[in-house]
Each structure stands twice: as C-alpha cells, then as structure tokens.
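This report concerns only the one structure given below.
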Amino acid sequence: MPDAVLFAQKLDSALKAELKKRRHFYEIVEENKKMEFINGEIIFHSPVKLQHNRSTTLLAKLLDTFVVKHNLGIVGVEKLLISLTRNDYEPDLCFFGKEKSINFKKKQMQFPAPDFVVEVLSDSTEKYDRETKFQDYAAHGIQEYWIIDAEKETVEQYFLQNEAYDLLLKAKDGKIESVVLPNFKIPIQAIFDEQINLKTLTGLI
C-alpha cells in the first residue's frame, strides 16, 4: 500500500480519540447501571425482559453451585466488567478458572478475559452478541461461549478451535455439557423451567 503510512497515521489518531472516550467511560461507569464500551461508543442497556432475567438467574444458580462445590474458580453475574484490548463488556454470566481468579481482589472492578461466557439475547443486544462480542471473545481466547435465546428456549454452544468458534450444539431439548467445565452437564430446559432447574440443582449439591 503506497499510502500505508498515511493510513497508519489516521488509525493512530482514531485510536487515540477512542482511548480518550474509554477513559471517560471509566470515569462515569456506575455499579447500578449496565454499561459497556464497544468500538468507541458507550452503550447504555435498557432493563431486560422477565424471561431474560429468569434464564440468567436459573443458569447462574446451577453454574455457581457446581463451581463452588468443586472449588474451580469464580462465576460472575451481569455486572462484572471485563476489559479486553479495545472494548469493555458486562456479560450476563462468565467463569474464571482458579489460575486467573486466584489473584482477584475483593474490591476489584475490572477483570481479564474469562474462560467461559454466556450471553442471553435481547432485542437491543443480539447484534453485539452475535457479531462484535462473538469475534472479540474468540480473539481474546475465551474458550467457550453460550448464546441463549430465552424466548425460543434454545442454547447455542460454541468452543474455540484454531482461533475461531465452532458450533458444538444448538438445541432446546436434551442435555448440554460444558467443555471448559467437564462434568457440568445439565438439561437444557433447566435454564428455562424452574421445576427442572430445582431438580437439577439438587443433583449438583
């Protein structure tokens, strides 16, 4: 490219301007608001629908119980801010293995890339979840990514192979087993049905 230097200068200028916006984001981000910094923009998220909240809560119960019981690390729910090289996200659920979480501090507010992330789709976030986050999570080595559609009661399970996500499973029935958390195997409907969730939870304890 004969204009490579000019292109690099423009890119450098754009990234410096974006960094300024990101510093502003860190100044205004609040614990009681869901905010993310994505590709140079501060994104304020609206309240979620009940079905979104229930799916997140039901899966969080199962995941956290399993992780705590086996002393595997830490599960983050909704408001944990993960800071990647360019963007800052607050996933619906995420898991950090002991190798990463052992040095976390009680008052820590920014975290590295998790080992496993779950996003529950909503109308306003689906594009980010399926495109920007999908690419960014893979680029930063997040090994496993689940996308949950609470309305259709389906789960998509992706696993990182050769720096890209492969779809391992897309289903609404049967069971799903984590790759990052071996033996964490649950009925898919336990994410959507409270009675199935309770029965599954009892089996994990």
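Per-structure values
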quantity: Among (1) free of Cβ contacts under 8 Å to residues at least 60 places away in the same chain; (2) part of a helix (DSSP H, G or I); (3) within 18 Å of the chain's Cα centre (by Cα) - the single one residue 123 does not satisfy; calculated: (2)
quantity: Of all residues making up segment 27-52, the number that are in contact (Cβ under 8 Å) with a residue 60 or more places away in the chain and either more than 16 Å from residue 92 (Cβ to Cβ) or loosely packed, with under 11 Cβ neighbours inside 10 Å (or both); calculated: 2
quantity: Residues of segment 180-196 that turn out to be assigned to a helix (DSSP H, G or I) and among the polar types (S, T, N, Q), as a count; calculated: 2
quantity: Of all residues in segment 82-103 being of a type in the set (A, V, I, L, M, F, W, C) and modelled with pLDDT of 95 or more, the one that is farthest from residue 155 (Cα to Cα); calculated: 84
quantity: The listed residue being out of contact with any helix residue (DSSP H, G or I) (no Cβ under 7 Å at 6 or more places or on another chain), farther than 16 Å from residue 125 by Cβ and not in a loop (DSSP other than H, G, I, E, B), out of 67, 75; calculated: 67
quantity: Close pairs from segment 69-87: first more than 21 Å from residue 33 (Cβ to Cβ), partner of a type outside the set (D, E, K, R) and part of a strand (DSSP E or B), Cβ under 7 Å, at least 6 apart; calculated: 72/97; 73/95; 73/96; 73/97; 74/96; 75/93; 75/95
quantity: Matching residues, segment 22-59, being out of contact with any strand residue (DSSP E or B) (no Cβ under 7 Å at 6 or more places or on another chain) and either in a helix (DSSP H, G or I) or over 30 Å from residue 118 (Cβ atoms) (or both); calculated: 23, 24, 26, 27, 28, 50, 51, 53, 54, 57, 58
quantity: Qualifying residue in segment 86-94 (condition: of a type outside the set (S, T, N, Q) and in contact with a Pro (Cβ under 8 Å, 6 or more places away or on another chain)); calculated: yes
quantity: Odd one out for residue 110, checked against (1) loosely packed, with under 15 Cβ neighbours inside 10 Å; (2) closer than 28 Å to residue 15 by Cα; (3) out of contact with any strand residue (DSSP E or B) (no Cβ under 6 Å at 6 or more places or on another chain); (4) not aliphatic (A, V, I, L, M); calculated: (3)
quantity: Qualifying position, being surrounded by fewer than 20 Cβ atoms within 10 Å (Cβ to Cβ), in a strand (DSSP E or B) and more than 14 Å from the chain's Cα centre (by Cα), among 100, 170; calculated: 170
quantity: Contacts under 9 angstrom Cβ, first residue in segment 169-190 being closer than 22 Å to residue 71 by Cβ and at pLDDT 95 or above, partner part of a helix (DSSP H, G or I) and among the hydroxyl-bearing types (Ser, Thr, Tyr), 6 or more apart; calculated: 186/200
quantity: Complete set of residues in segment 123-148 that are out of contact with any Phe, Trp or Tyr (no Cβ under 6 Å at 6 or more places or on another chain) and crowded, with 19+ Cβ neighbours inside 10 Å; calculated: 125, 128, 129, 133, 136, 142, 143, 146, 147, 148
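The values are calculated or read from the model by the stated rules, or taken from the named source; none is laboratory data. All of these numbers come straight from a predicted model, not from anything done at the bench. Ideal geometry is used to build each Cβ from the backbone, glycine not excepted, and the neighbour counts take in all protein chains shown.
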